[in-house]
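The structure under discussion appears below in the form of C-alpha cells.
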Amino acid sequence: MTAILQTQKLRVEYRSRDFRQGNKIALNGLDLEVHAGEVFGFLGPNGAGKTTTMNVLLGFVPPSSGGASLFGIDVRQPIARQRIGYLPELTYYYKFLTAEELLRFYAKIFGLTRAETDKRIAELLKLVELEHAAKRPIKSYSKGMQQRVGLAQSLINNPDLLILDEPTSGLDPLGRMKVREIIQRLKEQGKTVFFSSHELGEVEAICDRVAILDQGDLKAIGTVAEVSAGSANLEQAFLKIVGYQPSSAS
C-alpha cells in the first residue's frame, strides 16, 4: 500500500524553561506510516506528542532529528503541503462572515477560479449539511455547525489528505455523529484522514488503523481489532497501554 504520510525516527525536543532541567522530549524516535485511503486515528493522553507530530507535518515545528514526509516530499518543503487540508482543534473565523463568504475567501487563497469556487462551495455545503445556513453569519451557528464549516474550509482545495486535530471536541452526541458521517463520506471519496481524538468510541467506529502515543513514545499501532486484542474494547486497551491505574476506593 502507498504510504502518503511518513515519519522516520522523528524526534522533537523543547528547551526547558527551568535551566536546571534537561530538554523536554516531545517525540522520541517516532516511526509512522499512513496509507492512501485510510482513516487513521492518532491517540494518546494530553501531552503525549500528538499535536507536536501534527505541527511537524504542517511545517510549524522543525524536527530535532529524524524526518517526516507527505506524498514522498520532505515536510520542510512547502510544496509538500499543497495536497492537504487542516482543521485545528480551536478554530477562529470572522463571525460576521457567512459560510459561503468564508469558503470564497479560502478559495481565493488557493487560487481557484470563480467557476471552480462556485462548484466547490456547492459541493462542500451539501457534504457538511449547511446549505440551509449558507447565507447566515457564522456567529449564529451552533458549535457543531461551526465545526462543520471548519471541515468545509479544510476541503476547499480538494485535498488528498485531511489532518484533523480533535474534530469532535466539545460537540454533543448529534454533532459528533454528523462529523463521523462526514469523515465516512470522505473515505468513500478516496480521501485519507489522519486525526487525533479523545473520543475513543468514535475512533473505534470509523478508523481503519490507530496509533497510541504516550510521553512521546509509540506504544501501539495496528487495526482497531489488533490494538484491542485481549480487551473488551478500544477504551480498555488504551487505558492498559498507557498504564492507567484506577485509584482504589477508600
- Highest-fluctuation residue, N157, N233, N23 considered, GNM on the chain with Cα pairs under 10 Å: N23
- In region 29-172, how many lysine pairs have Cα atoms under 18 Å apart, counting only pairs 8 or more places apart or on different chains? 7
- Query: Three principal axis extents, largest first, for the C-alpha atoms of region 196-250, in Å?
  - Reply: 41, 25, 21
- Task: Report, to the nearest whole %, how much of the accessible area of region 126-250 belongs to carbon and sulfur atoms, 1.4 Å probe, protein only.
- Result: 47 percent
- Item | Relative counts (whole %) of C-alpha pair distances in region 159-230, using bins that are 10 Å wide | 17, 51, 29, 3
- Compute the label zone of Q245 within region 196-216: residues whose backbone N is under 18 Å from the point 7 Å along Cα-to-Cβ. 215
- the chain, Gaussian network, Cα under 10 Å: of L200, L218, L161, the residue fluctuating most is L200
- Task: Counting only C-alpha contacts under 8 Å and six or more residues apart, can you give the relative contact order of region 82-176 as a whole percent?
- Result: 50 percent
- Add -39500 (n - 2.57) for each DSSP H run of 4 or more in the chain, then divide by its residues: what number comes out at 222 nm, to the nearest 500 deg cm²/dmol? -9500 deg cm²/dmol
- Message: Quick check of the Kirkwood formula: for region 33-178, what is the inverse mean of 1/r over all pairs of different Cα atoms, in Å?
- Response: 16.5 Å
- Item | Accessible surface of region 52-106 [probe 1.4 Å, protein heavy atoms]: carbon and sulfur percent | 56 percent
- Mean accessible surface per residue for region 83-169, computed with a 1.4 Å probe while every protein chain stays in place, in Å²: 48 Å²
- Note on the structure: Here the gain from full extension of D118 to E226, 0.36 nm per residue of separation minus their alpha-carbon distance, amounts to 34.5 nm
- Dimensions of region 123-250 along principal axes (Cα, Å, largest first)? 54, 39, 25
- Bridge orientation stat for the chain from DSSP, antiparallel percent rounded to 5, came to 60 percent
- Query: When the solvent-accessible surface of protein heavy atoms is calculated with a 1.4 angstrom probe, in what order do F42, F105, F238, F60 fall, highest first?
  - Reply: F60, F105, F238, F42
- Query: Fully extended, how many nm does the chain gain between Q184 and I79 (0.36 nm per residue separation, minus their Cα-Cα distance)?
  - Reply: 35.1 nm
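The values are calculated or read from the model by the stated rules, or taken from the named source; none is laboratory data. Keep in mind that this is a model prediction, so the values were computed, not measured. No Cβ is skipped: glycine too gets one built from the backbone with ideal geometry, and neighbour counts run over all protein chains shown. To get the accessible areas, we keep the full protein, side chains included, count just its heavy atoms, and leave off ligands, DNA and RNA. Shrake-Rupley method; radii C 1.70, N 1.55, O 1.52, S 1.80 Å.
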